[in-house]
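Single-structure report; data block below.
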Amino acid sequence: MIDKKPSVLFVCVHNAGRSQMAAGWLRHLAGDAVEVRSAGSAPADQINPVAVRVMAEVGIDISGHTPKILTPDDSEASDVVITMGCGDVCPYFPGQRHEDWTLDDPAGQGIDAVRPIRDEIRDRVQALVDDLLPTAS
């Protein structure tokens, strides 16, 4: 895996808030050094507009992304799978690194409640980048 670009899959139920913000942060912080995926166990019709707004506040545009259904292929193709409340529906494949991030769900919350969620996700993604790409830090 030394010569292979690491791949990360972020999974939450609706793939409309937490996982989309995490994917946006990872793209922003790691550039093209990491392959980024996100998906949901029961995807929404669109990304949470409040999540889009709070990410835009920090210069990250996630408005063009759409919620996607979690597939076993997406999971199997990922080196790291980060779950955010998707429960037992998240597939597991041997040899993968799995983490479950307990984060508040931004669904139905106002912008002032979503900003701290965005910031916590940023901190967790930065730690992930530091771990996956230690020479880039």
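The numbers here are math on the coordinates, done by the rules we state, and not lab data. Everything quoted here is computed from the prediction, not taken from an experiment. FYI the Cβ positions are ideal-geometry reconstructions off the backbone, even for glycines, and counts take in every protein chain you see.
Using the Cα centre as the reference, give the magnitude of the dipole from point charges on the C-beta atoms of the range 7-128 (Lys, Arg: +1; Asp, Glu: -1; all else neutral), rounded to the nearest 20 debye. Intermediate results must be reported in sequence, preceding the final value.
Numbers: 10 positive and 18 negative charges, 44 e Å.
Roughly 220 debye, rounded to the nearest 20.
So what is the calculated 222 nm ellipticity per residue for the chain, using -39500 (n - 2.57) for each DSSP H run with n of 4 or more, over all residues, to the nearest 500 deg cm²/dmol? It comes out at -11000 deg cm²/dmol, rounded to the nearest 500.
Which length gain, in nm to one decimal place, applies between A127 and T71 when the Cα-Cα distance is subtracted from 0.36 nm times their residue separation?
On the way: separation 56, 0.36 × 56 = 20.16 nm, distance 2.62 nm.
Extending this stretch completely gives an extra 17.5 nm.
Whole-Hz Karplus values for the range 25-38 come out as 5, 5, 4, 5, 7, 10, x, 8, 6, 10, 7, 10, 10, 9 Hz, taken residue by residue from phi with 6.51 cos²θ - 1.76 cosθ + 1.60 and θ = phi - 60°; glycine and proline positions read x. Each of the peptides 49-58, 18-27, 35-44 was scored by the mean count of other Cβ atoms within 10 Å over its residues; in descending order, highest first, they stand as 18-27, 35-44, 49-58.
All other residues with a Cβ under 12 Å from the Cβ of L9 taken together, and with Lys, Arg as +1 and Asp, Glu as -1, what is their net charge? Neighbourhood net charge equals -3.
If I take R0 = 22 Å and measure r between the Cβ atoms of E120 and R97 in this structure, what FRET efficiency does the formula 1/(1 + (r/R0)^6) give, to the nearest 0.05? Spell out each step's value before the answer.
Working: r = 20 Å, r/R0 = 0.90.
For E120 and R97, the calculated efficiency is 0.65.
Of the residues G85, A127, L29, the one whose Cα sits farthest towards the positive end of the charge dipole of the range 7-128 is L29 (charges of +1 on Lys and Arg Cβ, -1 on Asp and Glu Cβ, taken about the Cα centre). Under Stokes-Einstein, with the Kirkwood radius over Cα pairs as Rh, the value for the chain at 10 °C and 1.306 mPa s is 108 µm²/s.
Within the set of other residues whose C-beta is less than 15 Å from the C-beta of G110, count the net charge using Lys and Arg as +1 and Asp and Glu as -1. Show your work: numbers first, answer last.
Details: positive: R53, R115, R118; negative: E57, D104, D105, D112.
Value of the local net charge: -1.
The value of relative contact order for the range 7-128, using C-alpha pairs under 8 Å at least six residues apart, is 33 percent.
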